[in-house]
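**Student:** What follows is a structure written as C-alpha coordinates; I'll ask about it next.
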Amino acid sequence: MIGLDPIELATHFITDGIGMVCLLLDRSRIDLGQLLQHGAELPVDIQHSVHTRRVEYLAGRYCARQALGQLGAATWAVGRKADGAPDWPEGVLGSLSHTEERVIACVAWQSEWSGLGIDIEKIVGTEMLLSLEHLVFTQTDKLQMQASHLNLLETATLIFSAKEAFYKFIHPQTSARLDFKDVSLQALDSDGFTIELHKDLGAPWGKGRRVRGSYLFESNHVITLIAKSRTHPDS
(Lines give C-alpha, C1' and ligand atoms only; values in the text may rest on other atoms or scores of the structure.)
Protein backbone atom coordinates (compact mmCIF):
# COMPACT_ATOMS: atom_id res chain seq x y z
CA MET A 1 0.00 0.00 0.00
CA ILE A 2 2.59 2.52 -1.09
CA GLY A 3 0.06 4.94 -2.66
CA LEU A 4 1.75 5.12 -6.07
CA ASP A 5 0.15 3.13 -8.88
CA PRO A 6 1.55 2.83 -12.43
CA ILE A 7 -0.24 4.56 -15.29
CA GLU A 8 0.15 2.93 -18.69
CA LEU A 9 1.02 5.60 -21.24
CA ALA A 10 0.08 5.37 -24.91
CA THR A 11 2.75 3.51 -26.87
CA HIS A 12 3.18 6.30 -29.42
CA PHE A 13 4.45 8.57 -26.63
CA ILE A 14 7.16 6.13 -25.54
CA THR A 15 10.55 6.79 -27.16
CA ASP A 16 13.19 4.11 -27.59
CA GLY A 17 16.17 4.79 -25.35
CA ILE A 18 14.21 6.85 -22.82
CA GLY A 19 13.02 5.34 -19.55
CA MET A 20 9.68 6.83 -18.58
CA VAL A 21 7.35 6.12 -15.66
CA CYS A 22 4.10 7.86 -14.73
CA LEU A 23 2.40 7.11 -11.41
CA LEU A 24 -0.99 7.91 -9.93
CA LEU A 25 -0.40 9.64 -6.61
CA ASP A 26 -2.98 8.68 -3.99
CA ARG A 27 -2.09 10.92 -1.07
CA SER A 28 -4.55 9.15 1.24
CA ARG A 29 -2.55 5.91 0.88
CA ILE A 30 0.99 7.27 0.82
CA ASP A 31 3.30 5.58 3.31
CA LEU A 32 6.45 7.66 3.80
CA GLY A 33 8.14 4.83 5.66
CA GLN A 34 7.71 2.47 2.72
CA LEU A 35 8.99 5.11 0.31
CA LEU A 36 12.10 5.61 2.44
CA GLN A 37 12.70 1.86 2.30
CA HIS A 38 12.95 2.12 -1.49
CA GLY A 39 16.25 3.96 -1.29
CA ALA A 40 15.23 7.62 -1.22
CA GLU A 41 16.59 9.92 1.47
CA LEU A 42 15.07 13.15 2.71
CA PRO A 43 17.43 16.16 2.74
CA VAL A 44 17.61 17.83 6.14
CA ASP A 45 15.58 20.87 5.11
CA ILE A 46 12.79 18.72 3.66
CA GLN A 47 12.71 16.52 6.77
CA HIS A 48 11.23 19.53 8.55
CA SER A 49 8.89 20.51 5.71
CA VAL A 50 5.14 19.96 5.68
CA HIS A 51 3.86 16.46 4.95
CA THR A 52 2.83 17.40 1.39
CA ARG A 53 6.36 18.49 0.46
CA ARG A 54 7.89 15.31 1.87
CA VAL A 55 5.37 13.20 -0.07
CA GLU A 56 6.14 15.01 -3.33
CA TYR A 57 9.88 14.69 -2.87
CA LEU A 58 9.86 10.98 -2.04
CA ALA A 59 7.28 10.17 -4.71
CA GLY A 60 9.44 11.90 -7.31
CA ARG A 61 12.57 10.00 -6.27
CA TYR A 62 10.67 6.72 -6.22
CA CYS A 63 9.33 7.41 -9.72
CA ALA A 64 12.81 8.37 -10.95
CA ARG A 65 14.24 5.13 -9.63
CA GLN A 66 11.55 3.16 -11.45
CA ALA A 67 12.48 4.98 -14.66
CA LEU A 68 16.17 4.26 -14.08
CA GLY A 69 15.22 0.61 -13.83
CA GLN A 70 14.17 0.75 -17.48
CA LEU A 71 17.78 1.64 -18.29
CA GLY A 72 19.05 -1.24 -16.18
CA ALA A 73 20.08 1.05 -13.33
CA ALA A 74 17.38 0.38 -10.74
CA THR A 75 19.79 0.54 -7.79
CA TRP A 76 21.01 4.05 -8.63
CA ALA A 77 19.70 6.89 -6.48
CA VAL A 78 18.72 10.43 -7.43
CA GLY A 79 19.94 13.11 -5.04
CA ARG A 80 19.32 16.83 -4.77
CA LYS A 81 21.52 19.73 -5.84
CA ALA A 82 22.01 22.89 -3.80
CA ASP A 83 19.49 24.74 -5.99
CA GLY A 84 16.87 22.05 -5.37
CA ALA A 85 17.14 20.41 -8.79
CA PRO A 86 17.45 16.61 -8.99
CA ASP A 87 21.03 15.36 -8.91
CA TRP A 88 21.06 12.58 -11.49
CA PRO A 89 23.65 9.78 -11.49
CA GLU A 90 26.76 10.37 -13.58
CA GLY A 91 26.11 9.73 -17.25
CA VAL A 92 22.34 10.10 -16.92
CA LEU A 93 19.98 12.83 -18.10
CA GLY A 94 16.69 13.06 -16.28
CA SER A 95 13.59 15.14 -15.72
CA LEU A 96 10.82 15.05 -13.10
CA SER A 97 7.37 16.61 -12.82
CA HIS A 98 4.30 16.22 -10.64
CA THR A 99 0.81 17.51 -9.95
CA GLU A 100 -1.50 16.85 -7.02
CA GLU A 101 -2.48 13.52 -8.60
CA ARG A 102 0.39 12.46 -10.86
CA VAL A 103 4.18 12.11 -10.83
CA ILE A 104 6.28 11.41 -13.91
CA ALA A 105 9.98 10.85 -14.54
CA CYS A 106 12.06 10.23 -17.64
CA VAL A 107 15.74 9.32 -17.94
CA ALA A 108 18.24 8.62 -20.71
CA TRP A 109 21.96 8.10 -21.20
CA GLN A 110 23.94 11.29 -21.85
CA SER A 111 25.97 9.43 -24.45
CA GLU A 112 22.79 9.04 -26.54
CA TRP A 113 20.77 12.16 -25.68
CA SER A 114 21.85 15.80 -25.32
CA GLY A 115 18.71 17.18 -23.71
CA LEU A 116 15.61 15.98 -21.90
CA GLY A 117 12.68 17.83 -20.35
CA ILE A 118 9.28 16.57 -19.22
CA ASP A 119 6.28 18.25 -17.63
CA ILE A 120 2.80 17.23 -16.54
CA GLU A 121 -0.07 19.61 -15.80
CA LYS A 122 -3.71 19.24 -14.85
CA ILE A 123 -5.97 20.94 -17.40
CA VAL A 124 -6.56 24.48 -16.15
CA GLY A 125 -9.95 26.01 -15.49
CA THR A 126 -11.23 29.30 -16.87
CA GLU A 127 -10.17 31.29 -13.80
CA MET A 128 -6.61 29.98 -13.99
CA LEU A 129 -6.50 30.68 -17.73
CA LEU A 130 -7.26 34.34 -17.07
CA SER A 131 -4.45 34.56 -14.51
CA LEU A 132 -1.98 32.96 -16.94
CA GLU A 133 -2.89 35.05 -19.95
CA HIS A 134 -0.63 38.07 -19.36
CA LEU A 135 2.15 36.21 -17.56
CA VAL A 136 2.66 33.25 -19.89
CA PHE A 137 1.28 33.75 -23.38
CA THR A 138 2.87 35.68 -26.25
CA GLN A 139 0.84 36.94 -29.19
CA THR A 140 2.02 33.91 -31.15
CA ASP A 141 0.78 31.62 -28.38
CA LYS A 142 -2.63 33.31 -28.49
CA LEU A 143 -2.84 32.79 -32.25
CA GLN A 144 -2.08 29.11 -31.72
CA MET A 145 -4.89 28.90 -29.16
CA GLN A 146 -7.31 30.36 -31.68
CA ALA A 147 -6.23 27.98 -34.46
CA SER A 148 -5.81 24.83 -32.38
CA HIS A 149 -7.70 21.59 -33.06
CA LEU A 150 -7.95 21.25 -29.27
CA ASN A 151 -10.28 23.22 -27.02
CA LEU A 152 -9.10 26.46 -25.44
CA LEU A 153 -8.33 25.11 -21.97
CA GLU A 154 -6.48 22.08 -23.34
CA THR A 155 -4.40 24.24 -25.66
CA ALA A 156 -3.58 26.80 -22.98
CA THR A 157 -2.46 24.07 -20.58
CA LEU A 158 -0.40 22.41 -23.28
CA ILE A 159 1.40 25.67 -24.10
CA PHE A 160 2.16 26.31 -20.43
CA SER A 161 3.41 22.74 -20.02
CA ALA A 162 5.51 22.87 -23.19
CA LYS A 163 7.29 25.97 -21.90
CA GLU A 164 7.99 24.23 -18.59
CA ALA A 165 9.35 21.19 -20.44
CA PHE A 166 11.56 23.43 -22.57
CA TYR A 167 13.00 25.11 -19.49
CA LYS A 168 13.84 21.73 -17.97
CA PHE A 169 15.35 20.71 -21.30
CA ILE A 170 17.51 23.81 -21.79
CA HIS A 171 18.58 24.75 -18.26
CA PRO A 172 21.12 21.91 -17.75
CA GLN A 173 22.71 22.82 -21.08
CA THR A 174 22.98 26.60 -20.61
CA SER A 175 22.12 27.41 -16.95
CA ALA A 176 19.95 30.15 -18.47
CA ARG A 177 17.01 31.71 -16.67
CA LEU A 178 14.02 32.17 -18.92
CA ASP A 179 10.71 33.98 -18.61
CA PHE A 180 7.60 32.37 -20.04
CA LYS A 181 7.50 34.90 -22.88
CA ASP A 182 11.08 34.11 -23.92
CA VAL A 183 9.64 31.19 -25.90
CA SER A 184 6.53 30.73 -28.03
CA LEU A 185 4.59 27.82 -29.43
CA GLN A 186 5.12 28.17 -33.17
CA ALA A 187 3.25 25.07 -34.29
CA LEU A 188 0.81 22.55 -32.85
CA ASP A 189 -0.56 19.50 -34.61
CA SER A 190 -1.65 15.97 -33.82
CA ASP A 191 1.97 14.75 -33.95
CA GLY A 192 3.51 17.29 -31.58
CA PHE A 193 4.51 20.93 -31.16
CA THR A 194 7.33 23.32 -32.04
CA ILE A 195 8.83 25.79 -29.56
CA GLU A 196 10.80 28.86 -30.71
CA LEU A 197 13.36 30.64 -28.54
CA HIS A 198 13.21 34.47 -28.50
CA LYS A 199 16.34 34.99 -26.40
CA ASP A 200 19.98 34.47 -27.33
CA LEU A 201 21.48 31.89 -24.98
CA GLY A 202 24.69 31.47 -26.95
CA ALA A 203 25.58 28.84 -29.53
CA PRO A 204 23.87 26.63 -30.43
CA TRP A 205 20.82 28.12 -28.70
CA GLY A 206 20.54 31.46 -30.45
CA LYS A 207 17.44 33.58 -30.89
CA GLY A 208 15.07 31.95 -33.35
CA ARG A 209 16.22 28.39 -32.62
CA ARG A 210 13.36 25.90 -32.74
CA VAL A 211 12.89 22.52 -31.14
CA ARG A 212 10.23 19.88 -31.59
CA GLY A 213 8.31 18.25 -28.75
CA SER A 214 5.56 15.70 -28.19
CA TYR A 215 2.48 15.67 -25.99
CA LEU A 216 -0.05 13.25 -24.56
CA PHE A 217 -3.39 13.81 -22.89
CA GLU A 218 -3.83 11.41 -19.97
CA SER A 219 -7.22 11.65 -18.27
CA ASN A 220 -7.52 15.31 -17.17
CA HIS A 221 -3.78 15.96 -17.54
CA VAL A 222 -1.40 16.79 -20.36
CA ILE A 223 2.19 15.56 -20.54
CA THR A 224 4.80 17.32 -22.69
CA LEU A 225 8.23 16.00 -23.61
CA ILE A 226 11.22 17.59 -25.33
CA ALA A 227 14.12 15.23 -26.02
CA LYS A 228 17.08 15.70 -28.34
CA SER A 229 18.96 12.68 -29.63
CA ARG A 230 22.69 12.83 -30.37
CA THR A 231 22.33 10.31 -33.19
CA HIS A 232 19.32 12.07 -34.77
CA PRO A 233 19.77 15.72 -33.71
CA ASP A 234 17.17 17.05 -36.14
CA SER A 235 14.41 14.72 -34.95
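The values are calculated or read from the model by the stated rules, or taken from the named source; none is laboratory data. Fair warning: this is a prediction, and the values are worked out from it, not measured in the lab. Here the Cβ is made from the backbone with ideal geometry for all residues, glycine too, and neighbour counts use every protein chain on show.
**Student:** Out of ALA176, ALA82, ALA77, ALA165, I need the residue that is hydrophobic (A, V, I, L, M, F, W, C), closer than 30 Å to GLU41 by Cα, touching a residue at least 12 places away in the same chain (Cβ under 8 Å) and assigned by TED's automatic domain parsing to the domain that holds LEU9. Which one? Before the answer, list the steps.
**Tutor:** Numbers: ALA176 fails: assigned by TED's automatic domain parsing to the domain that holds LEU9; ALA82 fails: touching a residue at least 12 places away in the same chain (Cβ under 8 Å); ALA165 fails: assigned by TED's automatic domain parsing to the domain that holds LEU9.
After applying the criteria, what remains is ALA77.
**Student:** Report yes if some residue within the range 144-165 is aromatic (Phe, Trp, Tyr) and either surrounded by fewer than 17 Cβ atoms within 10 Å (Cβ to Cβ) or over 28 Å from ASP16 (Cα atoms) (or both); otherwise report no. Quick ask: steps written out before the conclusion?
**Tutor:** Our first condition is that a residue be aromatic (Phe, Trp, Tyr); within the range 144-165, this holds for 160.
Adding the requirement that they be either surrounded by fewer than 17 Cβ atoms within 10 Å (Cβ to Cβ) or over 28 Å from ASP16 (Cα atoms) (or both) leaves none.
No, the range 144-165 contains no residue that is aromatic (Phe, Trp, Tyr) and either surrounded by fewer than 17 Cβ atoms within 10 Å (Cβ to Cβ) or over 28 Å from ASP16 (Cα atoms) (or both).
**Student:** Condition first: at pLDDT below 95, part of a loop (DSSP other than H, G, I, E, B) and of a type outside the set (Gly, Ala, Ser). Now tell me which residues in the range 17-33 satisfy that.
**Tutor:** ASP26, ARG27, ARG29, ILE30, ASP31
**Student:** Which is assigned to a helix (DSSP H, G or I), closer than 26 Å to VAL107 by Cβ and among the small types (Gly, Ala, Ser), of ALA162, ALA176? Spell out how you get there, then give the answer.
**Tutor:** Details: ALA176 fails: assigned to a helix (DSSP H, G or I).
None of the others qualify; the one that does is ALA162.
**Student:** Which condition number in (1) in the same structural domain as GLN186 (by TED's automatic domain parsing); (2) within 21 Å of HIS221 (Cα to Cα) is the one that THR140 fails?
**Tutor:** (2)
**Student:** Another question, if that's okay. Right, GLU90: farther than 18 Å from ILE14 by Cα and among the charged types (D, E, K, R) or not? Write out each step before concluding.
**Tutor:** Details: farther than 18 Å from ILE14 by Cα: yes; among the charged types (D, E, K, R): yes.
For GLU90, the condition - farther than 18 Å from ILE14 by Cα and among the charged types (D, E, K, R) - is met.
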